[in-house]
Amino acid sequence: MEGMYAFCVGLLTACGIFLALRGRTFSVVIGLTLLSYAVNLFLFASGRLKLNAAAVLEQSEQYSDPLPQALVLTAIVIGFAMTAFVVILAMRARADLGNDHVDGTIPEQPNNTTQKSGGSQ
Amino acid sequence: MNSLIWLPFLPLLGTLIPLITARFSRTACAFMTAALPALTLFLVLSHAGEIFQGERFQAVVPWIPAIGLELAFRLDGLALLFAILILGIGLLVILYARYYLSAKDSIGKFYAYLILFMFAMLGVVLSDNLIQLWFFWELTSISSFLLISFWGHKTEARKGARMALTVTGAGGLALLAGLLILGNTVGSFSLQDVLDSGELIKASANYPVIVVLVLLGAFTKSAQFPFHFWLPNAMAAPTPVSAYLHSATMVKAGIFLMARFYPALADTNLWFLIVSLTGLITFLVGAYIALFQHDLKGLLANSTISHLGLITLLLGMGTDLAAVAAIFHIINHAIFKASLFMAAGIIDHESGSRDMRQLNGLWKYMPYTATLAMVASASMAGVPLMNGFLSKEMFFTETLHQASLGSLSWFIPVLATLGGVFAVAYSTRFIHDVFFNGEPINLPKTPHEPPRYMRVPVEILVALCLVVGIFPSLVVGDLLLAAANATLNGPAPAYSLAIWHGFNFPLLMSVIALIGGLFMYYNRSHLFKFQAQFPTSDPKLVFEGIVQSLVVKAQRVITLTENGSLQRYVFFTLGFAVVMTASSLMKLNTTAGQRPEIPVDALSITCAVLLCISALATVIWHRRRVVALLTLSVVGLIVSLAFAQFSAPDLALTQLSVEVVTVILLILALFFLPQKTPKESSPRRVVRDLSLASLIGGVIGTISYALMTRPLDTISTFFTENSKTGGGGTNVVNVILVDFRGFDTLGEITVLGIAALGIYKLIAKMRLFMPSTDDNGLPWSEDRHPILLTVISQSLLPLALLVSAYIFLRGHNMPGGGFIAGLITSVAIIQQYIAHGVEWIKTRIKLDYQIMIGSGIGIATLSGLGSWVFGHTFLSSWFDYFYLPVIGKFELASAMIFDLGVFLTVVGATMLILANLGQLTTSERPIQKEHD
């Protein structure tokens, strides 16, 4: 189980980073969301995986580590705030700059055939 | 002796006084500014008697004892001499500047800088610790920069200040390196320890490095060749600054450094070679250039360079008597040069020019000032009965006793005499060219005598020139002896301070210098013609050229690495991170640890496969944004399932509800963003990014596998054991959030609130057009609020709120709590927005989300503060059990109030974000100026 879990964390990280390296803001937001899943799973796993061991007293034989859970819980909520902030920033950037490229301008492309104007205002 | 600590800090306090008193009259400001330096001088002088007896005062204030940091000061003969010079001449400069500065100049600012500089200089000479000494040393560079650039509207002031700062700052860095090596070699940064370990240092392999680095610091500060060029350019400073910094203090700091470390570093061939040769060259070059200056201050600046070279040469000779002569010349040069600078300032002030080609025959207009200047120049030239003569005589004597250059040793006295000739020549020029030699040419104003009190500082200094020159041992004998003893870290050799030593070689050298100098000045036209053949090179231009070419080179490097592409920066950052992580992972021998793995079941495999497929699908379809969003939400869903599977019900609930709000948020955002991403990454970039992403994914996967398969040594046992007894709850996660780590949570909801308010402000000024069709050109659906959704959601609202209340209340003991309940409530309200629209909601739900965030954080904070009332620490919780008829036993905990604050903040923040964003899509959007 641990191997599978680790594989999933690695895959989510890879997907998140690939998307975070894209040039358009929305892809970056999606990438960061994927990355925050990976981070949360990773942090959670630092308390080790346990089945049927919720950290609620007198409900089970053994308890999973509650500390990483508490940390991840707030991380999820803060992660939402961060995603929201980034996405609104992306909208604002598009509104003010007329395109949704992370650099604020669409860079010159050597092969201009595929380029398409991002700002449709 | 605790008053010692106060010595340097009294002037520091004094920096405030001119700033405060500048609003009063200039005279009042000057007097009040002078009060603290005068008090400091009094305190210093009150210790003089004991120091003359051979005592040495030291004081230490521990600062950070754990790492050996302390404030350490010492007052010995050398420090006493310099402190008197700094404070005494400083006081005279304060008086002088009162009359020199015009009404346009901010006198408060000037005095504040001046006193700051005074503080820094005092710190340098009184420090008893190497690092502390260096700190004050740098402070002198910075404060002198402020003083030189005081007339910041003038280009040459800015350039001169920058040049001085660059040269002395670079030297300061070399000095720091030298002092660090020195301290490590000795094993102590205490000055006394260093001075006492001269043998150890000279035997050490680090010695050459230390000497070179420390001397670099001293030479740059004291304008020694080849670093001398900054000093003439610093003459753009107001003249009181030149009189203070460039005669008595700042440039003497380098000399002080050499004298201070004399017992530790001097007396080797290396020291002799570097110091004496540098001094000799500087002595000659400065004297030669001084003769050809047309600017009064330029002449004085180059003469200062020359005299500093003379002192350096003396310190490099390696004999104790030479060191005594050096100390004596420090005193004499400070006195006559400060008065000459002040006289030059008076001439400039009262005639409007400093150009010696214009200034002629001023004797008629200002005979009194002329007399003072003549006495001071005579001292500079080394005329008998002046103080300058005495130390120059000692200098000549010492050059005769040099044998360090072997059979070539006779070079030194000959070259010294040559320097003396130049000195007489330029001193003569200062007198004759300015006060005689015909009539003034085209002066901006008619020259006249300065105000009475502007002359007073010059009078005092010139009187000192004479008194020291005639009664040397009576006036400065004790001070010189004490300073010489301190410099040598032992008793000084016997010497005599008499004017008349009989007919001997030094006297002959003086005579040759005097006659030769007068002769040279008389025939100066030939020399000037000779000099005119050389192309003039302005060191300022050369320096600026070097700086500019450095800037160009730096710019080139910057454009190589920084092209403004965020993608590239992220790539490099991640690449660096993965290299650092991977290299330490290689030290781990096995990936798998000792901990047994949980067996895999079919359901988990299914979920894992689904997760992987959805994650990959998100990447593959990321250009079709709505599709990517859908696959992304599948990932989120499975993540929450994973939390549920691995015994984290709280996390699962949170993740689930956050997932809902996130997807709603992203869909709303997508309304205003392009629906599709253009294909613009080149195949090379895709391959590059894919490789890096896979590499990082692999590294992170390995770390998590290695982590999970190793046994856990957790600190959480404390939490599980005390959760019920200490926090009154059985849900340990919730107890940690609201009790054990409540302060963290308070910080987190504050961040949440700030983020929401930031978003609110970002949205408020957003100028976005509303797309009337989707990307395929299809119009939006006419049915904005489907009736089915409206009806169901309306009936769901009470149910959802009830669930949320239940989740909230049970949170302390069972999975749930403020975070989750807040998110559920938000989802319920958002549903109403979606189903009914903003217009409908506005009339029914009158909640101000900003106030909600504020009250949430307020309640949480107050519940923490409440424990203070009962004498407990911040955020410690209280709980008890009560019995009520019908309901039975129930628990009340103060943590619940805290959780209520969390709840309110979460609801407020989420709704503030989503409701405002959603409002943009409707006609209720905030009214803005038309945007084309």
Item to complete: Would you mention how many residues in the stretch B:444-455 are part of a loop (DSSP other than H, G, I, E, B) and under 44 Å from the mean Cα position of the chain (by Cα)?
Response: 3
Worksheet, complete the sentence: For residue B:310, the lone unmet condition from (1) open to solvent by less than 10 Å² (accessible area, probe 1.4 Å); (2) assigned to a loop (DSSP other than H, G, I, E, B); (3) not small (Gly, Ala, Ser) is (2)
Item to complete: Give me a count of the residues in the stretch B:809-849 that are away from chain A (no Cβ under 11 Å), in contact with a Leu (Cβ under 8 Å, 6 or more places away or on another chain) and either open to solvent by 40 Å² or more (accessible area, probe 1.4 Å) or farther than 14 Å from residue B:910 by Cβ (or both).
Response: 4
Worksheet entry | Matching option when the condition is assigned to a helix (DSSP H, G or I), touching a residue at least 60 places away in the same chain (Cβ under 8 Å) and open to solvent by 10 Å² or more (accessible area, probe 1.4 Å), among B:349, B:329, B:333 | B:349
Fill in: Among residues of the stretch B:558-601, those that are over 25 Å from residue A:23 (Cβ atoms) and either part of a helix (DSSP H, G or I) or among the charged types (D, E, K, R) (or both), counted
10
Worksheet item: If you check residue B:744 against the conditions, is it open to solvent by 50 Å² or more (accessible area, probe 1.4 Å) and not in a helix (DSSP H, G or I)?
Response: no
Item to complete: Go over the candidates B:550, B:527, B:603, B:574 one by one and state the one that is under 49 Å from the mean Cα position of the chain (by Cα) and exposed (fewer than 13 other Cβ atoms within 10 Å of the Cβ).
Response: B:550
Item to complete: Tell me which residues, restricted to the stretch B:726-741, are of a type in the set (Val, Ile, Thr) and either part of a helix (DSSP H, G or I) or more than 7 Å from every other protein chain (Cβ to nearest Cβ) (or both).
Response: B:732, B:733, B:735, B:736, B:738
Worksheet item: Among the numbered criteria (1) more than 7 Å from chain B (Cβ to nearest Cβ); (2) under 17 Å from the mean Cα position of the chain (by Cα); (3) hydroxyl-bearing (Ser, Thr, Tyr), which single criterion is violated by residue A:37?
Response: (1)
Practice prompt. Take residue B:904 and decide whether it is open to solvent by 10 Å² or more (accessible area, probe 1.4 Å) and not polar (S, T, N, Q).
Written response: yes
Discussion item. Looking at (1) within 27 Å of residue B:81 (Cα to Cα); (2) within 49 Å of the chain's Cα centre (by Cα); (3) loosely packed, with under 12 Cβ neighbours inside 10 Å, which one does residue B:533 not meet, given that it meets all the others?
Written reply: (1)
Worksheet entry | Of all residues making up the stretch B:362-400, the number that are of a type outside the set (D, E, K, R), in contact with a Pro (Cβ under 6 Å, 6 or more places away or on another chain) and part of a helix (DSSP H, G or I) | 6
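Each row is one residue, and each column tells you yes or no for (1) surrounded by 14 or more Cβ atoms within 10 Å (Cβ to Cβ); (2) modelled with pLDDT of 90 or more; (3) within 19 Å of residue B:84 (Cα to Cα); (4) touching a Gly at 6+ places or on another chain (Cβ under 9 Å).
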| position | (1), (2), (3), (4) |
| --- | --- |
| B:10 | yes, no, yes, no |
| B:20 | no, no, no, yes |
| B:24 | no, no, no, no |
| B:28 | no, no, no, no |
| B:37 | yes, yes, yes, yes |
Discussion item. With the structure loaded, tell me whether residue B:558 is of a type in the set (A, V, I, L, M), surrounded by 10 or more Cβ atoms within 10 Å (Cβ to Cβ) and either within 14 Å of chain A (Cβ to nearest Cβ) or more than 22 Å from residue B:228 (Cβ to Cβ) (or both) or whether it fails that test.
Written reply: yes
Worksheet item: Limited to the stretch B:643-700, what total is found for residues that are open to solvent by 20 Å² or more (accessible area, probe 1.4 Å), in contact with a strand residue (DSSP E or B) (Cβ under 9 Å, 6 or more places away or on another chain), charged (D, E, K, R) and at the interface with another protein chain (Cβ under 7 Å from one of its Cβ atoms)?
Response: 1
Worksheet item: Can you tell me how many residues in the stretch B:456-483 are surrounded by fewer than 23 Cβ atoms within 10 Å (Cβ to Cβ), closer than 22 Å to residue B:259 by Cα and small (Gly, Ala, Ser)?
Response: 2
Worksheet item: Conditions: (1) open to solvent by 70 Å² or more (accessible area, probe 1.4 Å); (2) under 18 Å from residue A:69 (Cβ atoms); (3) in a helix (DSSP H, G or I). Residue B:715 meets all but one. Number of the miss?
Response: (3)
Worksheet entry | In the stretch B:220-269, residue nearest to residue B:326 (Cα to Cα) [restricted to those that are open to solvent by 10 Å² or more (accessible area, probe 1.4 Å) and assigned to a helix (DSSP H, G or I)] | B:262
Fill in: Candidates B:403, B:492 - the one that is in a loop (DSSP other than H, G, I, E, B), small (Gly, Ala, Ser) and free of Cβ contacts under 8 Å to residues at least 24 places away in the same chain
B:403
Worksheet item: If you check every pair at least six apart or on different chains, which have Cβ atoms under 8 Å apart with a residue in the stretch B:711-725 that is more than 7 Å from every other protein chain (Cβ to nearest Cβ) first and a residue that is surrounded by 12 or more Cβ atoms within 10 Å (Cβ to Cβ) and not hydrophobic (A, V, I, L, M, F, W, C) second?
Response: B:711/B:593; B:711/B:595
Worksheet item: So, in the stretch B:424-453, of the ones that are under 30 Å from residue B:330 (Cβ atoms) and in contact with a Lys or Arg (Cβ under 8 Å, 6 or more places away or on another chain), which residue ends up surrounded by the fewest Cβ atoms within 10 Å (Cβ to Cβ)?
Response: B:453
Discussion item. Restricting to the stretch B:375-400, give me the number of residues that are within 20 Å of residue B:414 (Cβ to Cβ) and among the β-branched types (Val, Ile, Thr).
Written reply: 2
Response to the item:
When the stretch B:424-443 is checked residue by residue, the ones that are assigned to a loop (DSSP other than H, G, I, E, B) and small (Gly, Ala, Ser) are B:438
Item to complete: Output the helices (runs of 4 or more DSSP H) that fall wholly within the stretch A:1-120 and possess 2 or more residues being among the small types (Gly, Ala, Ser) and surrounded by fewer than 21 Cβ atoms within 10 Å (Cβ to Cβ), or say none.
Response: A:66-97
Worksheet, complete the sentence: Residue hits (the stretch B:742-760; within 10 Å of chain A (Cβ to nearest Cβ) and over 16 Å from residue A:79 (Cα atoms)) are B:760
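The values are calculated or read from the model by the stated rules, or taken from the named source; none is laboratory data. Source: prediction; values computed, not measured. Because the Cβ atoms are built from the backbone with ideal geometry, glycine has one as well, and the counts that use them run over all protein chains shown. Heavy atoms of the whole protein, side chains included, go into the accessibility calculation; ligands, DNA and RNA do not. Shrake-Rupley method; radii C 1.70, N 1.55, O 1.52, S 1.80 Å.
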